[in-house]
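The block underneath contains the structure these notes are about, expressed in structure tokens.
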């Protein structure tokens with residue numbers, strides 16, 4: 001046993017190990033078929049190493065011819081896999097050149113099995129022996145096959161394709177440039193050596209044993225290293241992107257939480273401003289309940305008692321209790337802080353709920369409300385409480401805008417269908433919005449009020465945008481302003 005008998009099986013084993021590793025990678029990432037192609041190349045290199053070892057040992061011209069024929073099968077698989085790997089890894093070479101090179105290689109493979117003993121020889125006439133580094137090795141001698149030029153054309157086209165890839169990669173970032181130099185450069189050198197080796201074989205001259213299998217294995221390991229490095233780098237980038245996405249989602253959740261807290265604070269502040277009217281709303285039914293209860297007591301103290309009026313008194317008490325419960329229910333729902341899911345709702349009902357909630361406040365400020373609600377509007381998906389908050393804010397702003405206005409104070413609320421869904425308008429007859437503020441009226445801390453904080457309209461814009469809608473303000477002629485918002489229809 002000599003060093004060739006030890007080294008070539010080890011080269012084949014190393015190729016199979018590398019190929020198996022890339023098959024495992026492909027199984028875990030089926031979309032990255034480049035690893036499957038590379039595994040095919042590794043298996044073909046192992047096959048080439050074993051065939052080359054058998055050819056070095058044989059003394060039979062027939063066996064030598066057969067080994068050379070099957071070597072071309074392995075070389076064809078290597079070349080086709082190489083073109084696929086380079087194209088899908090870098091993609092800088094000409095696709096036409098790659099397809100032409102692959103076509104010539106397949107044609108050469110067909111000639112290998114149909115013309116003569118193999119692609120290199122029409123007939124292997126004898127087996128010669130030569131000594132390299134103390135080891136006697138066999139080499140073929142026979143009539144050259146002129147069709148071997150087809151394989152040489154394929155090899156030349158592969159060299160051109162690799163050269164294009166390297167040249168164009170030089171203008172890319174350093175990681176791509178370095179990978180192209182290592183991978184493309186090593187394959188370019190090896191294919192060039194293989195061209196020279198094929199010429200030596202065709203001429204019947206002995207060639208050194210360190211050309212085919214060892215060269216392919218060295219280049220295979222270098223390419224595998226770069227592929228694995230790229231895989232590790234892409235995994236690291238994917239993890240960084242995932243962490244960045246998690247941070248973004250966490251930040252969005254924090255912003256959403258802060259937005260909800262701000263909206264809740266705005267509702268609490270708004271109810272504080274409406275506290276006088278809400279107390280009045282509660283006082284009316286409570287006073288009626290007290291009055292009816294006292295009347296019932298007086299009737300029961302009479303002698304004899306006349307109970308015929310008691311059912312009517314009890315009905316009045318029940319009705320006023322229901323009215324008080326509705327006021328408290330609206331307040332409690334408005335103050336709730338928990339997150340709500342969007343549900344189908346009718347915008348006209350939301351407007352009517354708001355007007356009921358503000359009835360006493362509007363009476364106290366001597367503001368008349370003119371509602372023009374178009375019937376049969378499409379439903380919207382939304383949060384009823386948040387949309388009530390928007391309308392309450394807009395109506396209260398309209399009332400504030402008319403405090404110094406002479407004449408009748410009127411707030412007009414109008415709903416109508418729009419191209420995308422439903423349009424809602426709240427208009428007043430105040431002094432209007434200064435032109436310089438129209439563009440930034442919804443920005444935080446922008447206000448036309450002397451005592452305002454400038455957060456109400458900013459919260460309104462946030463709520464409407466969260467519903468997929470838009471909100472804007474405009475001045476009316478001859479006086480007043482209107483704020484409009486549009487919500488998309490359900491579905």
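Bear in mind that the values in this text are calculations on the coordinates, not laboratory data. Please read these numbers as outputs of a predicted model, since none were measured by experiment. So basically every Cβ, Gly included, is an ideal-geometry build from the backbone, and we count neighbours across all protein chains shown.
Using R₀ = 30 Å, calculate the FRET efficiency as 1/(1 + (r/R₀)^6) where r is the Cβ-Cβ separation of residue 475 and residue 356; round to 0.05. Working from the Cβ atoms, E equals 0.55. Does a label point 7 Å from the Cα of residue 31, set along Cα-to-beta-carbon, have any residues of the stretch 73-89 with amide nitrogen under 13 Å, and which are they? No residue passes the distance filter. Model label sites at residue 419 and residue 144, defined 7 Å from Cα along the beta-carbon direction, differ in position by 7.6 nm. Per residue, the convex hull spanned by the Cα atoms of the stretch 1-125 measures out at 109 cubic angstrom. For residue 59 and residue 107, the FRET efficiency from 1/(1 + (r/R0)^6), where r spans their Cβ atoms and R0 equals 25 Å, is about 0.20.
Multiplying the sequence separation of residue 374 and residue 182 by 0.36 nm and subtracting their Cα-Cα distance, what value in nm do you get?
Working: separation 192, 0.36 × 192 = 69.12 nm, distance 7.31 nm.
Gain in length upon complete extension: 61.8 nm.
Sorted on the mean count of surrounding Cβ atoms within 10 Å across their residues, most packed first, peptides 121-133, 376-388 read 376-388, 121-133.
Let's test the formula: R0 of 51 Å, r as the Cβ-Cβ distance of residue 297 and residue 239. What FRET efficiency results, to the nearest 0.05?
Details: r = 78 Å, r/R0 = 1.52.
Result of the calculation: an efficiency of 0.05.
Sorted into 5 angstrom bins from 0, the C-alpha pair distances of the stretch 341-491 split as 2, 9, 20, 24, 21, 15, 7, 2, 0, 0 percent.
Straightening the chain between residue 366 and residue 2 buys 119.9 nm, computed as 0.36 nm per residue apart minus the Cα-Cα spacing. Highest average first, the peptides 241-247, 76-82 ordered by how many other beta carbon atoms sit within 10 Å of their residues are 76-82, 241-247.
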